[in-house]
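Enquirer: Following this message is one structure expressed as structure tokens.
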Amino acid sequence: MLGEFEYLLLTAAARLGDDAYGAAIREAIEAATGRRCSIGALYTTLDRLEKKGLLKTWMGEATSQRGGRAKRMVRVTAKGVQASTAFYNAVTRVSRGVSWEAS
Amino acid sequence: MSQFCWWFVGILSRGLEPDERDAVRGDLAESGASGTQAFRDVIGLVVRRQVELWKDWHPWLALAGLVGVAGVLLSEIAFQFDGEILLQVRTYWRHGVHFGTGLSVGEDAVYLVLLFLALFSWSWAGGFLLGALSGRATWIAGTLFCLVSFLGNTALRGALSMSVLMIPFLLAAIWGMKRGYRMRALQFRQALLFAASVAILTSLLTWTSGWYETVRQVWSEGAWQPIPWPRRLLPLATVSWPVAYLLATSSRRCWYEYKGEQR
């Protein structure tokens, strides 16, 4: 089972598709949660998920906007999609019949 | 302040793998992070990476075996060497004569040259093994090794000025660390040659240190009991353990390569 941050990272990467890389994923997570996402948490989680085979990373092209430095590109694997779906289904099931707004 | 933070970010990020360093610095530039934010982010990542590295047993072996055992002994032997060199230099400077140890100038010189060469070799071997075992954790283990080996004893005994004489050994250790970090293991022939040289140096040192024991016994008219050679050899052999480890790892690698070629 994925952790909350792992799920957020996989979902952001899946949403970004071919444009998924470190800074973009970080921005997407921060926009969705309203919380700061540290680079340390992002990159160590990327490594962990890659070791589990849930995503694949490689070094992309360098841009002038980044001071001529390369991006770490991310792609969610089939196994990653499966794990994220399982997490999402579990959260949906456990949330059924619960209204947080009412309490 | 911001410029200082960015400068420090540059230094800190050297603790990351080159690809990761590039990606992280690029992300920071793209997001327009301030110097303080960048510093906080990079230090957070470096600490996390270091914690991961220290979960492995290799850096701990380097810390215990090299800093704890070899480093302490190296410090003691180097301190004795520095003391003897200073004594000779000071006596010659003030009185124009050789300090009377009971041995001839030539015998004293042979002992001190052998000791210098052995200390240089031990420092290099310690540094090499530390770099090979610790990988990216070298800068923590390496700093501790250098502090313990080349500053510890002089600081504890209030003779910090003597640390100047430790510079050649400190440089040898840093050189060894750089080579060890890059190469991980020596070629078998190099390792064998190096181990043989250190074994010869260690044996010669054990033998020549016996000259002083004989002189002391004669001076004291038999009251001084000479330290037997196995007890003189023990610390020298212990400080040489990284050399034995280097030879063992090179032999193992050579054996696997040989077996691989046969298949």
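Enquirer: If you go through the range B:2-12 one residue at a time, do you hit one that is crowded, with 16+ Cβ neighbours inside 10 Å, closer than 20 Å to residue A:72 by Cα, within 14 Å of another protein chain (Cβ to nearest Cβ) and not aromatic (Phe, Trp, Tyr)?
Expert: So far as the range B:2-12 goes, yes, one or more of its residues are crowded, with 16+ Cβ neighbours inside 10 Å, closer than 20 Å to residue A:72 by Cα, within 14 Å of another protein chain (Cβ to nearest Cβ) and not aromatic (Phe, Trp, Tyr).
Enquirer: Given the criteria out of contact with any Cys (no Cβ under 6 Å at 6 or more places or on another chain) and more than 14 Å from every other protein chain (Cβ to nearest Cβ), does residue B:71 qualify?
Expert: Yes; evaluated as a whole, the condition is true for this residue.
Enquirer: When you scan the range B:15-32, how many residues do you find that are out of contact with any helix residue (DSSP H, G or I) (no Cβ under 7 Å at 6 or more places or on another chain), surrounded by fewer than 20 Cβ atoms within 10 Å (Cβ to Cβ) and free of Cβ contacts under 8 Å to residues at least 24 places away in the same chain?
Expert: The total comes to 3.
Enquirer: Of B:193, B:186, B:201, which residue is farther than 18 Å from residue B:74 by Cα and surrounded by 14 or more Cβ atoms within 10 Å (Cβ to Cβ)?
Expert: Selected residue: B:186, the only one of B:193, B:186, B:201 that is farther than 18 Å from residue B:74 by Cα and surrounded by 14 or more Cβ atoms within 10 Å (Cβ to Cβ).
Enquirer: Out of everything in the range A:17-63 that is assigned to a loop (DSSP other than H, G, I, E, B), surrounded by 15 or more Cβ atoms within 10 Å (Cβ to Cβ) and not small (Gly, Ala, Ser), what residue ends up being nearest to the other protein chains (Cβ to nearest Cβ)?
Expert: A:37
Enquirer: Here's another thing I want to ask about it. If I go through the range B:33-53 residue by residue, how many of them are of a type in the set (Asp, Glu) and either over 16 Å from residue A:37 (Cα atoms) or touching a residue at least 24 places away in the same chain (Cβ under 8 Å) (or both)?
Expert: The qualifying residues number 1.
Enquirer: If I go through the range B:19-49 residue by residue, how many of them are polar (S, T, N, Q), outside any loop (DSSP other than H, G, I, E, B) and more than 11 Å from chain A (Cβ to nearest Cβ)?
Expert: Of the residues in the range B:19-49, 1 are polar (S, T, N, Q), outside any loop (DSSP other than H, G, I, E, B) and more than 11 Å from chain A (Cβ to nearest Cβ).
Enquirer: Checking the condition in contact with a Pro (Cβ under 6 Å, 6 or more places away or on another chain), in the same structural domain as residue B:249 (by TED's automatic domain parsing) and surrounded by 15 or more Cβ atoms within 10 Å (Cβ to Cβ), which residue from B:73, B:66 passes?
Expert: Only one candidate qualifies: B:73.
Enquirer: For residue A:70, state whether it is free of Cβ contacts under 8 Å to residues at least 12 places away in the same chain, in a strand (DSSP E or B), crowded, with 16+ Cβ neighbours inside 10 Å and at the interface with chain B (Cβ under 9 Å from one of its Cβ atoms).
Expert: yes
Enquirer: Regarding the range B:119-130, can at least one residue be identified that is buried (at least 20 other Cβ atoms within 10 Å of the Cβ) and over 19 Å from the mean Cα position of the chain (by Cα)?
Expert: no
Enquirer: Among the residues of the range B:136-176, write down those that are of a type in the set (Lys, Arg) and either surrounded by 21 or more Cβ atoms within 10 Å (Cβ to Cβ) or farther than 25 Å from residue B:51 by Cα (or both).
Expert: If the condition is that a residue be of a type in the set (Lys, Arg) and either surrounded by 21 or more Cβ atoms within 10 Å (Cβ to Cβ) or farther than 25 Å from residue B:51 by Cα (or both), then B:157 is the only one that fits.
The values are calculated or read from the model by the stated rules, or taken from the named source; none is laboratory data. Worth saying up front: this structure is predicted, and the values here are computed from it rather than measured. Virtual Cβ from ideal backbone geometry, glycine too; neighbours counted across all protein chains shown.
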